[in-house]
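Asks: Before I ask anything, here is the structure I am working with.
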Amino acid sequence: MKRGYLLVAAGLLLLLPAASQAQILTPQANVTLNAHLTETLSVTLTGVSLVNFTLVPGGVAPGDNSVAIQTSWVLRPNRTALKLVGYFDTTNALTDPGPPSADIASANVFGRVTTGSPTSFSAFTGTVVGIGTAGASLELFSETILGNNKTKSRTDNLDLQIDLTSAPQQPAGDYAGVLRIQAIAL
C-alpha cells in the first residue's frame, strides 16, 4: 500500500516542471485598433424625374407620374431628426418664357407623400430652417432619429398637382420649372 502511494507521488512529481523548466512570459505587445464609419446622407430618385401636367384653366391638374424618392442615411449618435424637403429656387415655380413671360407660383403647386408629413395635398409655400427657399418649400417627411434608426433607408412617393383655381386667368403657355429634393440631418 505504501509502495502504491510512493508510485503515485513519483508520478505526480514527474508531471511538475523542474525549477529550470518554469514558465516565463514576455512583456505585452499592444495592437491599437482604429475604425471609421463615415456619416452619410443621400437622396435618389428611383423612378421618374419628369412629371407632366395638362393644365386646366381655373382647375386642378394632377401630375402624370409619382416621383419615388429613396432617402438613405448612416448618422452619428448626436443626430436627433432627419427631414426631406421639396423646394423651388423662387416662389415662381414654373415659368413660360413668352413673350410675354408668365409664371405659376409655388403656391399653386401642391405635393403629398402618403407615408410622410403632407398626407393630403399641400402647397409649396413653407419655410424649413436650414434648407430650401423661404415661401417655396414643402417638408415631405420628418423622422425622429433614435438608436434603432441611425442607419436606415426609406422610399416615399411624391404626388404632385397644379391647382389654378386661384389663378383662373393664367395665360396659355409652355411652363417649366425644377423642383429640388434635399434632406437634412439635425
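The values are calculated or read from the model by the stated rules, or taken from the named source; none is laboratory data. Every value quoted in this text rests on a predicted model; they were computed, and no experiment measured them. Positions of Cβ are backbone-derived with ideal geometry, glycine not excepted, and every protein chain shown enters the neighbour counts.
Asks: Can we say Phe141 is more than 17 Å from Val43 (Cβ to Cβ), under 22 Å from the mean Cα position of the chain (by Cα) and touching a residue at least 24 places away in the same chain (Cβ under 8 Å)? Walk me through it before giving the result.
Replies: Numbers: more than 17 Å from Val43 (Cβ to Cβ): no; under 22 Å from the mean Cα position of the chain (by Cα): yes; touching a residue at least 24 places away in the same chain (Cβ under 8 Å): yes.
Against the criterion (more than 17 Å from Val43 (Cβ to Cβ), under 22 Å from the mean Cα position of the chain (by Cα) and touching a residue at least 24 places away in the same chain (Cβ under 8 Å)), Phe141 does not qualify.
Asks: Being under 21 Å from the mean Cα position of the chain (by Cα) and of a type in the set (Val, Ile, Thr) is the filter here, so list the residues in the stretch 72-95 that pass it.
Replies: Of everything in the stretch 72-95, those that are under 21 Å from the mean Cα position of the chain (by Cα) and of a type in the set (Val, Ile, Thr) turn out to be Val74, Thr80, Val85.
Asks: May I pose another question? Check Gly98 against each of (1) buried (at least 21 other Cβ atoms within 10 Å of the Cβ); (2) on the phi > 0 side of the Ramachandran plot; (3) of a type outside the set (Asp, Glu); (4) more than 21 Å from the chain's Cα centre (by Cα) and name the one condition it does not meet.
Replies: That leaves (1) as the condition not met.
Asks: Between a residue in the stretch 20-41 that is without any contact (Cβ under 8 Å) to a residue 12 or more places away in the chain and any residue that is assigned to a loop (DSSP other than H, G, I, E, B), which pairs come within a Cβ distance under 9 Å, given they are 6 or more apart or on different chains?
Replies: Pairs that qualify, where the first residue is without any contact (Cβ under 8 Å) to a residue 12 or more places away in the chain and the partner is assigned to a loop (DSSP other than H, G, I, E, B), are Gln23/Pro17.
Asks: Give just the number: which of (1) under 15 Å from the mean Cα position of the chain (by Cα); (2) modelled with pLDDT under 95; (3) aliphatic (A, V, I, L, M) does Val48 not satisfy?
Replies: Unmet condition: (1).
Asks: When you go through Ile184, Ile162 one by one, which is the residue that is more than 18 Å from Leu45 (Cβ to Cβ) and either within 20 Å of the chain's Cα centre (by Cα) or not in a loop (DSSP other than H, G, I, E, B) (or both)?
Replies: Working: Ile184 fails: more than 18 Å from Leu45 (Cβ to Cβ).
Answer to the selection: Ile162.
Asks: Please return the ranges of strands (runs of 3 or more DSSP E) entirely within the stretch 28-137 where 2 or more residues are touching an Asp or Glu at 6+ places or on another chain (Cβ under 8 Å) and closer than 27 Å to Tyr175 by Cα.
Replies: Working: elements: 40-45, 60-62, 67-74, 81-87, 92-96, 102-105, 109-113.
Strands (runs of 3 or more DSSP E) meeting the threshold: 60-62, 67-74, 81-87, 92-96, 102-105, 109-113.
Residue by residue, here is whether (1) charged (D, E, K, R); (2) in contact with a strand residue (DSSP E or B) (Cβ under 6 Å, 6 or more places away or on another chain); (3) surrounded by 11 or more Cβ atoms within 10 Å (Cβ to Cβ); (4) modelled with pLDDT under 95 holds:
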| position | (1), (2), (3), (4) |
| --- | --- |
| Val128 | no, yes, yes, yes |
| Gly132 | no, yes, yes, yes |
| Ala136 | no, yes, yes, no |
| Ser153 | no, yes, yes, no |
| Leu160 | no, yes, yes, no |
| Leu164 | no, no, yes, no |
